[in-house]
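**Student:** Here it is, the structure in full.
The values are calculated or read from the model by the stated rules, or taken from the named source; none is laboratory data. What you see is a predicted model, and the numbers here were worked out from it, not measured in a lab. Ideal geometry is used to build each Cβ from the backbone, glycine not excepted, and the neighbour counts take in all protein chains shown. All accessible areas refer to the heavy atoms of the entire protein, side chains included, with ligands and DNA or RNA removed. Shrake-Rupley method; radii C 1.70, N 1.55, O 1.52, S 1.80 Å.
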Amino acid sequence: MHGGDAWDSGGARSWNGAVDVFGFDTISARVRYGTQGRWRAGAFYDGFTRSYTNSARTPFNGSGGVVLTLPSNWVGSNTSLGFSALAQNLHPLDLKVDWRTVGGDVVLNPREGYEIRMSASHRDREGLRGQNLAFGHEMNTAVGVFFAQPVDYQTDQAGASLAFTGDRLQWSASYNLSVFTNDIASVRVPNPYNRALGGLWPGGALSAFPNAFGEYGLPPSSIAHQALVSGAYAVSPKVRVTARVSYMVQKQDEDFLPYTAMTQLSVPDPLPRTSLDGKVYKAHVVLGMTARPSPIVDVSAGYTFDDRDNRSPIDLYSYVANEAQDQVRPLVPGASRYIRYNLPHSFTFQQAKADVGVRLASRTRLTVSYVGDFRARKYQQVSDTSEHSFRAKVLTTFEAGSAWVAYAYATRGGSIYDDALPWDLSHTESYLNASPFNQSIEHPLLRKFNMADRKRHEAKGGATFELGPALMLDATGLYAEDDYKNSPLGLQRSETVQLDANLSYVLAKRLTATAFYSFERIKFDLTGYLMGTVDLANPAQDWSTANRDVVHTAGAKVDWDAIPQMLKVGAGYYVSDGASRINSIGSAFAPVMNTAPLPPVRDVTHNVNLTGDYKVRTGTTLRIGYTFQHHGTDDWQYGYGPAPVPQVLGSSITSPRYTAHLVWLSARYDF
């Protein structure tokens, strides 16, 4: 709905409002009122539900609360297959989170060109989501437990800004505050296992059912302040510069949970501090320039600086491993893998880019560009990386359409890859020097793909053709290849192919039809090495994996103006078929690494839409629609029940399958 003063009344008031209801769990409403050029105010509400699954099941009682319990008839075991009371105690979980946001703003125009804006919003998120917790010593068969994590988050935001818009100069200055609040610090989950497969954990009976429980920490409350200034200035009719500068401070000082809440375990050394006292300072600068020095040439350039300075303090923590043992107190202080320093990561990113476009002929344009990315990292295997990208594109038009082709090449390199750096910095010297087996657990030849040397080739093209007076074809294609040839282990190569085609046909003056098809294939290959021996170069310990993802999407739509100016109808259908295949070649060194290709994963969605618009009379239109959707997933990860393997108490989640019917009706009335 909308309205206001008549155009000839001398007034400038206006108002509008809208309410959208999609089922019972998706509702939005908004309203705005004001006087043009002087002030306006608005308010809004948005609510929707994010559903994860309704097929999960759990034996725990108290889901949604802070303390979970096992049923009174629970019988512990060293394997989930031995939980004799499991089947009779499973009950369903509806894993979903409701999002509710309400807010509004007030805008004032005190004088020509100036605008003052104040805004505020409050968001609630409440519900359940799936989570997992580990119990047990990592050297003596740890176990995993699925449980429902309660979600009760609130986010409050407020902002104020002052802006100016002139003929050549525009600028804005603003302050934004964001406060995240979580009143639930942790969830207590009991350990359903009475021992490990290989025997008791180091803590003995005290670290197993019915005595043991774990405390899972939830996201801590935090606060963020941001100041931002942006502007643009037209130096001349052909040159324009822009700038955007912001500074943000993020803080988090929620009290730590104890090393363990199990008082039966011995924990003589306290935490080094009561809270993290986390502080992160972010500076962000973006500068830009566009110019048209001649009628056939245009240029642009830009620079970005993004710095994340994590000033959280570093301390030495002596943690308790998965509630399985007493706190370790080595004879040599610090000589334990359970005594470690935290490493607050910091990043600095800089980017320089330039773009030049030249009209080679009346219908042909050439564009060349360069982008340089420069990243600095703290406490990671690679301290500095730089990537240089070059791109060229040619676009031409002709009587029956247009066509373009582009090619890009990028190369990334970095400083020396130090696989042991994070490991060495997070452990004490006494631990590292105590034994050669205390060195980094990463293979020295393994490379993380986001920091590894890489060469990228990308070719793209597209064309639009008028095949006939009423027939139009639009097609695009892409081929991209990433090569990690300097990574002996890790991601080796990835390849992406995309093809898209769209065909539209005007069958008659009142009837149009469109059809489309899209294809995407993603392939990547990686290699690994079976650790566990001092030999780091035994070919028998090599393994590899090849991943292939393919997605086909096709559809068609018909729109018919059945009765001109009165009745319009439409019908559409699309199908999406995606498949993923993973083929692993295991290591011949150990029987446990004998592998076979994983079962394929497939997702198929069918969708049908029918719509009708009927003009009842002047100013009044009714619209009705029907949507049918059927989705099916076959995924080997799901469907194994609550005990998929002996060391896991699972979720019982099944592959998503559903059929949905939606009928909707709307009316529009103009007055």
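**Student:** Based on what the data block shows, is Tyr409 open to solvent by 40 Å² or more (accessible area, probe 1.4 Å) and on the phi > 0 side of the Ramachandran plot?
**Tutor:** no
**Student:** Among the residues of segment 190-204, what is the count of those that are open to solvent by 50 Å² or more (accessible area, probe 1.4 Å) and free of Cβ contacts under 8 Å to residues at least 60 places away in the same chain?
**Tutor:** 2
**Student:** So which residues in segment 87-143 are over 23 Å from the mean Cα position of the chain (by Cα) and under 22 Å from Asn54 (Cβ atoms)?
**Tutor:** Result: Ala87, Gln88, Asn89, Leu90, His91, Pro92, Leu93.
**Student:** Just wondering, is there one or more residues in segment 251-260 that are in contact with a Pro (Cβ under 7 Å, 6 or more places away or on another chain), polar (S, T, N, Q), modelled with pLDDT of 95 or more and part of a loop (DSSP other than H, G, I, E, B)? Before the answer, list the steps.
**Tutor:** Just the residues of segment 251-260 that are in contact with a Pro (Cβ under 7 Å, 6 or more places away or on another chain), to begin with: 252, 254.
Checking the rest, the ones that are also polar (S, T, N, Q) come to 252.
Right, trim to modelled with pLDDT of 95 or more and you get 252.
Among the residues that remain, those that are also part of a loop (DSSP other than H, G, I, E, B) are: none.
Looking for residues that are in contact with a Pro (Cβ under 7 Å, 6 or more places away or on another chain), polar (S, T, N, Q), modelled with pLDDT of 95 or more and part of a loop (DSSP other than H, G, I, E, B), one finds none in segment 251-260, hence no.
**Student:** Hey, can you tell me all the residues within segment 447-506 that are basic (Lys, Arg) and open to solvent by less than 60 Å² (accessible area, probe 1.4 Å)?
**Tutor:** Arg447, Arg454
**Student:** Something else: Could you tell me whether any residue of segment 115-130 is more than 23 Å from Ser178 (Cβ to Cβ) and open to solvent by 60 Å² or more (accessible area, probe 1.4 Å)?
**Tutor:** no
**Student:** Could I ask something else about it? Would you check if Val558 is under 30 Å from Ser518 (Cα atoms) and in contact with a Gly (Cβ under 8 Å, 6 or more places away or on another chain)? So that I can check it myself, show each step before the final result.
**Tutor:** On the way: under 30 Å from Ser518 (Cα atoms): yes; in contact with a Gly (Cβ under 8 Å, 6 or more places away or on another chain): yes.
In short, yes.
**Student:** Limited to segment 233-288, what total is found for residues that are over 20 Å from Asp315 (Cβ atoms) and out of contact with any strand residue (DSSP E or B) (no Cβ under 9 Å at 6 or more places or on another chain)?
**Tutor:** 4
**Student:** Looking only at segment 30-75, count how many residues are of a type outside the set (S, T, N, Q), farther than 30 Å from Gly650 by Cβ and over 27 Å from the mean Cα position of the chain (by Cα).
**Tutor:** Pass one, segment 30-75, residues of a type outside the set (S, T, N, Q): 30-34, 37-48, 50, 52, 56-57, 59-60, 62, 64-68, 70-71, 74-75.
So of that shortlist, the ones also farther than 30 Å from Gly650 by Cβ come out as 30-34, 37-47.
Okay, now just the ones that are also over 27 Å from the mean Cα position of the chain (by Cα), so 30-34, 37-43.
Qualifying residue count, segment 30-75: 12.
**Student:** Pick out the one residue from Thr621, Thr633, Thr605, Thr627 that is surrounded by 15 or more Cβ atoms within 10 Å (Cβ to Cβ), farther than 30 Å from Leu128 by Cα and in contact (Cβ under 8 Å) with a residue 24 or more places away in the chain.
**Tutor:** Numbers: Thr633 fails: farther than 30 Å from Leu128 by Cα; Thr605 fails: farther than 30 Å from Leu128 by Cα; Thr627 fails: farther than 30 Å from Leu128 by Cα.
On inspection, the qualifying residue turns out to be Thr621.
**Student:** Can you pull out the residues in segment 102-112 that are open to solvent by 20 Å² or more (accessible area, probe 1.4 Å) and in contact with a His (Cβ under 8 Å, 6 or more places away or on another chain)?
**Tutor:** Val102
**Student:** I've got another one for you. Count, please, the residues in segment 361-381 that happen to be out of contact with any Lys or Arg (no Cβ under 8 Å at 6 or more places or on another chain), at pLDDT 95 or above and more than 15 Å from Phe305 (Cα to Cα).
**Tutor:** Here the count works out to 4.
**Student:** Then there is this: Restricting attention to strands (runs of 3 or more DSSP E) lying wholly within segment 106-189, give those where 2 or more residues are within 30 Å of Phe83 (Cβ to Cβ) and touching a residue at least 40 places away in the same chain (Cβ under 8 Å). Talk me through it step by step, then tell me what you get.
**Tutor:** Numbers: elements: 114-135, 143-165, 169-182.
Passing ranges, in order: 114-135, 143-165.
**Student:** Filter segment 205-235 for residues that are at pLDDT 95 or above, more than 32 Å from the chain's Cα centre (by Cα) and either open to solvent by less than 20 Å² (accessible area, probe 1.4 Å) or not aromatic (Phe, Trp, Tyr) (or both) and give the result.
**Tutor:** Ala234, Val235, listed by residue number.
**Student:** Tell me which strands (runs of 3 or more DSSP E) are completely within segment 420-510 and hold 3 or more residues being acidic (Asp, Glu), or say none if there are none. So that I can check it myself, show each step before the final result.
**Tutor:** Working: elements: 454-468, 471-483, 489-508.
The strands (runs of 3 or more DSSP E) meeting that bar are 471-483.
**Student:** Still on this model: Kindly state which strands (runs of 3 or more DSSP E) lie completely within segment 338-386 and contain at least 3 residues that are at negative phi and under 25 Å from the mean Cα position of the chain (by Cα).
**Tutor:** The qualifying strands (runs of 3 or more DSSP E) are 347-361, 364-377.
**Student:** Can you name every residue in segment 145-184 that is out of contact with any Pro (no Cβ under 7 Å at 6 or more places or on another chain), within 25 Å of Val66 (Cα to Cα) and surrounded by fewer than 17 Cβ atoms within 10 Å (Cβ to Cβ)?
**Tutor:** If the condition is that a residue be out of contact with any Pro (no Cβ under 7 Å at 6 or more places or on another chain), within 25 Å of Val66 (Cα to Cα) and surrounded by fewer than 17 Cβ atoms within 10 Å (Cβ to Cβ), then Asp152, Gln154, Thr155, Asp156, Val179, Thr181, Asp183 are the ones that fit.
**Student:** Mind listing just one residue for me: the one in segment 39-75 that is open to solvent by 60 Å² or more (accessible area, probe 1.4 Å) and out of contact with any strand residue (DSSP E or B) (no Cβ under 8 Å at 6 or more places or on another chain) and, of those, nearest to Gly4 (Cα to Cα)?
**Tutor:** Ser72
**Student:** I've got another one for you. Of the residues that make up segment 661-671, is at least one buried (at least 16 other Cβ atoms within 10 Å of the Cβ) and either at pLDDT below 90 or over 30 Å from Leu197 (Cα atoms) (or both)? Talk me through it step by step, then tell me what you get.
**Tutor:** First, the residues of segment 661-671 that are buried (at least 16 other Cβ atoms within 10 Å of the Cβ): none.
No.
**Student:** Further, regarding this structure: Pick from Tyr517, Tyr505, Tyr573: which is closer than 30 Å to Val616 by Cα and modelled with pLDDT of 95 or more?
**Tutor:** Among Tyr517, Tyr505, Tyr573, only Tyr573 is closer than 30 Å to Val616 by Cα and modelled with pLDDT of 95 or more.
**Student:** When segment 76-101 is examined, which residues are found to be open to solvent by 70 Å² or more (accessible area, probe 1.4 Å) and in a strand (DSSP E or B)?
**Tutor:** Residues satisfying the conditions are Pro92, Asp94, Lys96, Arg100.
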